[in-house]
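Engineer: Take this structure first; my questions come after.
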Amino acid sequence: MGRILIAEQDQRCAQFLDRGLRANAFTTSTVDDADMAAAFISTGEFDLVLLDLDFPATAAKTVLRKAAST
């Protein structure tokens, strides 16, 4: 199955997503800040990114730009 990056500040929400996706045979990685999300995205290893849009606006836009250029 695909690899999914969960970029979520709320630990409970991230854990909920992580457990549900792993239970359905997905491989996940979880980060809690935009800089780390951008670094993970730049590896090109992920098929899907679940991005918390409550990151500070400039940080979320940076992550989206990184994803678009990868």
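The values are calculated or read from the model by the stated rules, or taken from the named source; none is laboratory data. Being a predicted model, the structure only gives us computed values, none of them experimental. Note: ideal-geometry Cβ built from the backbone for every residue, glycine included; neighbour counts use all protein chains shown. Side chains included, ligands, DNA and RNA excluded: accessible areas come from the protein's heavy atoms. Shrake-Rupley method; radii C 1.70, N 1.55, O 1.52, S 1.80 Å.
Engineer: Based on Cβ point charges of +1 for Lys and Arg and -1 for Asp and Glu, what charge dipole magnitude is obtained for the chain about its Cα centre, in debye rounded to the nearest 20? Walk me through the numbers before you get to the answer.
Structural biologist: Details: 7 positive and 10 negative charges, 39 e Å.
Taking the Cα centre of the chain as origin, the dipole is about 180 debye.
Engineer: In terms of the ratio Rg/(2.2 N^0.38 Å) built on C-alpha atoms, what value belongs to region 1-42? Each step should come with its number before you reach the end.
Structural biologist: Values: Rg = 10.1 Å, N = 42, 2.2 N^0.38 = 9.1 Å.
Taking N as the residue count of region 1-42, the ratio is 1.11.
Engineer: Identify which of the listed values of P(r) over Cα pairs in 10 Å bins from 0, in percent was calculated from the structure shown: [x] 22, 55, 22, 1; [y] 22, 58, 19, 0; [z] 19, 42, 36, 3.
Structural biologist: Identified label for the calculated read-out: [x].
Engineer: Would you mind counting up the charge near residue 29? Only other residues with Cβ under 10 Å from its Cβ, with Lys and Arg at +1 and Asp and Glu at -1. If you can, show how the numbers build up before the last one.
Structural biologist: Numbers: positive: 3; negative: 18, 45.
So the environment of residue 29 carries a net charge of -1.
Engineer: Could you please state how large a percent of the accessible area of the chain is carbon and sulfur, counting protein chains only and using a 1.4 Å probe? The partial results should precede the final answer.
Structural biologist: Values: 2440 of 4590 Å².
Percent of accessible area from carbon and sulfur atoms in the chain: 53.
Engineer: Which residues' amide hydrogens lie under 5 Å from the amide hydrogen of residue 28, considering only partners 5 or more residues apart or on another chain, with H built in the peptide plane?
Structural biologist: 4
Engineer: In the chain, what % of DSSP beta bridges are antiparallel (nearest 5)? Provide the component values of the computation, followed by the final result.
Structural biologist: Numbers: 0 of 9 bridges.
Percentage antiparallel, nearest 5: 0.
Engineer: Give me the net charge for the shell around residue 3: Cβ to Cβ below 14 angstrom, other residues only, Lys and Arg +1, Asp and Glu -1. Mind showing how you got there, number by number?
Structural biologist: On the way: positive: 22; negative: 18, 45, 47.
Once positives and negatives cancel, what remains is -2.
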